[in-house]
Amino acid sequence: MSAPVITSTLHRRIGDWFDVHGRALPWRDPECGPWGILVSEVMLQQTPVVRVLPVWTAWMERWPTPRDLASESPAEVIRAWGRLGYPRRALRLQAAAARIAGAHGNEVPDTAAELLALPGVGTYTAAAVASFAFGRPEVVVDTNIRRAHARMVSGRALPEKSLTAAEMALARDLMPEDPLEACRWNASVMELGALVCTARAPRCGQCPVAEVCAWREAGMPAPHYTPTGQAWAGTDRQVRGAIMALLRDSGQVALREITERTTAAGALGAHRPDPAQFERCVAGLVADGLASRDDEGPEPLLSLPG
DNA sequence: AAGCCGGGGAG
DNA sequence: CTCCCAGGCTT
């Protein structure tokens, strides 16, 4: 599958490009420890770099070690997560911090297998932290790398809809043998996908491997399928997000006022959820630990947990 | 394998 | 307006 001559060319060209054009992100700073890298990877799950940057900086200043985060109240953690989205990630990160503080002596574990056992850490994040924080030659495959591989090697516009065993095998074949080079390769291809080999309008004029790109060689054929985007307007995700925005802002709201206040805030656009949807979303948020319901007082209240 | 889970900026 | 972003978890 992999021709050694070709892969070494890719390694050299993309690696050299990265040394010049790679962004100086704070979690790439040599002084950023494993904890900062883990925090960044969780925040970056489905969230663009530019939005993570300010939240990560404040987060690390406030909770410089796992134990610091573990001892914080969930309400503060959720507030600090802000508008990054998927706030369950914040709770999982805190749960991971608690396990690190308790079972790992407050030190982020240095193997992919141990990392994978942490809440909120899947295949990608475990490999990324092991590689970027500890120099382990794990096969890192994210959406950027998948797209870059699909184009420059497989000659397709997009990777498969979901990560396949063939993609993982290809990624493994493309890895440099030297561990240090393998880690640099992981970061380089990811950055290439983020800055040059982008989903929408790839900047092939700036690409260090445009001359050997299989996709360009094939005439840049269109995707072999049409991506189906996730619905948003009117979904539970939108309603849940509107309720969480309300809780972050006010800390506590009367259940009776949620409909009016989310609507008034304009968070739902033209959507007018029925009472059943609000009830379902509130119950879901409580079940997820993102909100707590108090039925003790004169009227039911919803608040941030703990 | 498929569905669920936020939010916002770019095109 | 649609699309996409350093995915993970549940069923």
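Mind counting the residues in segment A:162-188 that are open to solvent by less than 60 Å² (accessible area, probe 1.4 Å) and either aliphatic (A, V, I, L, M) or in a loop (DSSP other than H, G, I, E, B) (or both)?
Total meeting the criteria: 10.
Check whether at least one residue in segment A:79-95 is away from DNA strand B (no atom under 16 Å from the Cβ) and part of a loop (DSSP other than H, G, I, E, B), and report yes or no.
no
Take residues that are of a type in the set (Asp, Glu), under 30 Å from A:SER162 (Cβ atoms) and in contact with a helix residue (DSSP H, G or I) (Cβ under 8 Å, 6 or more places away or on another chain) and tell me which of the helices (runs of 4 or more DSSP H) falling wholly in segment A:221-306 contain 1 or more.
Correct list: A:236-250.
Being away from DNA strand C (no atom under 14 Å from the Cβ) and not in a helix (DSSP H, G or I) is the filter here, so list the residues in segment A:31-65 that pass it.
Answer for segment A:31-65, where residues must be away from DNA strand C (no atom under 14 Å from the Cβ) and not in a helix (DSSP H, G or I): A:GLU31, A:GLY33, A:TRP63, A:PRO64, A:THR65.
Name the pairs: first residue in segment A:243-271 and within 16 Å of DNA strand C (Cβ to nearest atom), second residue open to solvent by 50 Å² or more (accessible area, probe 1.4 Å) and not acidic (Asp, Glu), Cβ to Cβ under 7 Å, at least 6 apart or on different chains?
Listed by first residue and then by second, the contacts come to A:GLY269/A:ALA233; A:HIS271/A:ALA233.
Hand me the list of helices (runs of 4 or more DSSP H) wholly inside segment A:99-161 holding 2 or more residues that are buried (at least 22 other Cβ atoms within 10 Å of the Cβ) and charged (D, E, K, R).
Counting at least 2 such residues, we get A:143-152.
Given the criteria in contact (Cβ under 8 Å) with a residue 12 or more places away in the chain and touching a Ser or Thr at 6+ places or on another chain (Cβ under 9 Å), does A:LEU93 qualify?
no
Considering each residue of segment A:248-278, count those that are loosely packed, with under 14 Cβ neighbours inside 10 Å, of a type in the set (D, E, K, R) and within 13 Å of DNA strand B (Cβ to nearest atom), and give that number.
The qualifying residues number 1.
Looking at segment A:208-228, can you tell me whether even one residue there is out of contact with any strand residue (DSSP E or B) (no Cβ under 6 Å at 6 or more places or on another chain), within 16 Å of DNA strand C (Cβ to nearest atom) and among the charged types (D, E, K, R)?
no
Would you mind stating whether A:ARG88 is within 12 Å of DNA strand C (Cβ to nearest atom) and surrounded by fewer than 18 Cβ atoms within 10 Å (Cβ to Cβ)?
yes
Considering (1) open to solvent by less than 30 Å² (accessible area, probe 1.4 Å); (2) closer than 29 Å to A:LEU268 by Cα, say which one A:THR226 fails and leave the rest.
Failed condition: (1).
The values are calculated or read from the model by the stated rules, or taken from the named source; none is laboratory data. Because the structure is predicted, anything quoted here is derived from the model rather than measured. In this analysis, Cβ positions are derived from the backbone assuming ideal geometry, glycine residues included, and neighbour counts consider all displayed protein chains. Remember, those area values only see protein heavy atoms, side chains included, never the ligands or the DNA or RNA. Shrake-Rupley method; radii C 1.70, N 1.55, O 1.52, S 1.80 Å.
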